[in-house]
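S.K.: Take a look at this one; I'll ask things after.
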Amino acid sequence: MERRVSDILNQATCAFYAGQAESFSQTRRSAWPGWLCCLGYLDGLGARVRLLDLACGNLRFESFLERERPAVEWSIEALDSCADLFSSAQDLASPVRFRELDLVSALLDGDGRFGLDCSLFVDACVSFGFFHHVPGFETRVHALSCLLGQLRPGGIAMVSLWQFAKSPELLARAQAATQRGASALDLCPGDLEPGDYLMGWRDEGDVFRYCHSFAPEEIDELLAAVSDSAELVERFEADGRTGDLNTYLVLRRR
């Protein structure tokens, strides 16, 4: 994907979250069913766990962790491009170090550490609801490689990959929004790649965010691209009304 197009898509997504942070956060309070399947892999990391959350949003995953595993001493590194989402987070007992960062621009610029301390390696990395906002396959490979690069050897990474095109209702809404949004953002025919869409929000007719729907074959290729640095522990589907709209990858750093 051309950098020009990637920038347009990312700018639209950042503007969406900046403008809709409050209403979006209100709809993002409950835990995803897939997170319950992830807990067992965190259980093996010990009583003290350093965790990096890439695109942390309103920290609802951390709230989930504290509810489900209150005996664990969590230490959180949190990154997100929208500080307003973070400010809407529920109070946590765990220490959280938050940094506002345009994550996609950092990836496009080749930043492999997201500005983090080079001496910091964490026990676990998670990224839920972010990879579908990363434009271009190579950039998504870079994102996963960078996430794995934050881990100590033997550390665990867990990511979700949205597959909304499985849902006829969500796909129809995405197709309609893409037609409107492509014109509004001055995108040319052919700028978007297979699986790429623009999605709107409620009755807001002029706001759009970029979303990519992952095909199983693309997930295979993504895993192959990082196989030298991580082993696949589990791959499963969960979430959404049909229980299969996210594919989760659980990876262990070699």
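S.K.: Note the angle between two axes, namely the Cα long axis of helix 33-43 and the longest principal axis of the Cα atoms of the chain, as a number of degrees from 0 to 90, rounded to the nearest 10.
M.R.: 30 degrees
S.K.: Please name whichever of GLY154, SER88, GLY19 sits farthest to the positive end of the charge dipole of the chain, dipole taken about the Cα centre and charges placed at Cβ: Lys and Arg +1, Asp and Glu -1.
M.R.: The listed residue farthest towards the positive side: GLY154.
S.K.: Could you check the spin-label model distance between ARG29 and GLU217? Points 7 Å from the Cα along Cα→Cβ, value in nm.
M.R.: About 4.3 nm, to one decimal.
S.K.: So the label point goes 7 Å from the Cα of ARG67 along Cα→C-beta, right? Which residues of the range 208-249 then have their backbone N under 17 Å from it?
M.R.: Under 17 Å, as judged by backbone N against the label point of ARG67, lie 239-240 of the range 208-249.
S.K.: In debye to the nearest 20, how big a dipole does the range 34-99 give about its Cα centre with +1 on each Lys and Arg Cβ and -1 on each Asp and Glu Cβ?
M.R.: Once rounded to the nearest 20, the dipole reads 120 debye.
S.K.: Can you pull the one-decimal nm distance between simple spin-label points at ALA18 and GLU204, each 7 Å off the Cα toward Cβ?
M.R.: So the label points at ALA18 and GLU204 sit 1.2 nm apart.
S.K.: Quick check for you: which residues of the range 195-223 have the amide N under 13 Å from the point 7 Å beyond the Cα of SER183 toward its beta carbon?
M.R.: Those under the cut-off are 206.
S.K.: So what's the gap between the Cα centers of the range 214-253 and the range 1-58, to the nearest angstrom?
M.R.: If we compute the Cα centre of each part, the gap is 16 Å.
S.K.: Related question: With only Lys, Arg, Asp and Glu charged, each at its Cβ (+1 for the first two, -1 for the last two), find how big the charge dipole of the chain is about the Cα centre; round to the nearest 20 debye.
M.R.: 520 debye
S.K.: Nothing charged except the Cβ atoms of Lys and Arg (+1) and of Asp and Glu (-1): what's the magnitude of the dipole of the range 20-63 about its Cα centre? Round to the nearest 20 debye.
M.R.: My answer is approximately 40 debye.
S.K.: Could you check which residue among LEU116, LEU222, LEU107 shows the biggest mean-square fluctuation in a GNM of the chain with a 10 Å Cα cutoff?
M.R.: Top of the fluctuation ranking is LEU116.
S.K.: Report, in degrees rounded to the nearest 10, the 0 to 90 angle that the Cα long axis of helix 137-149 makes with the longest principal axis of the chain.
M.R.: Around 10 degrees separate the two axes.
S.K.: Of LEU108, HIS133, PHE61, which is farthest towards the positive pole of the chain's charge dipole, taken about the Cα centre with +1 and -1 on the beta-carbons of Lys, Arg and Asp, Glu respectively?
M.R.: So the residue we want is PHE61.
S.K.: Also, I was wondering about something else. Pairs of Cα atoms under 8 Å, at least six residues apart: use those to get the relative contact order of the chain, whole percent.
M.R.: 21 percent
S.K.: Give me the one-decimal nm value for the distance between modelled label points at VAL233 and ASP7, 7 Å along each residue's Cα-to-Cβ direction.
M.R.: Result for the modelled spin labels: 3.9 nm.
S.K.: Given the chain, what whole percent of its Cα pairs are spread farther than 31 Å?
M.R.: 19 percent
All of the numbers you see were taken from the coordinates with simple rules; none came from a lab. In this text the structure is predicted, and so the values were computed from the model without any measurement. Cβ coordinates were reconstructed from backbone atoms using ideal geometry, including for glycine residues, and neighbour counts include every protein chain displayed.
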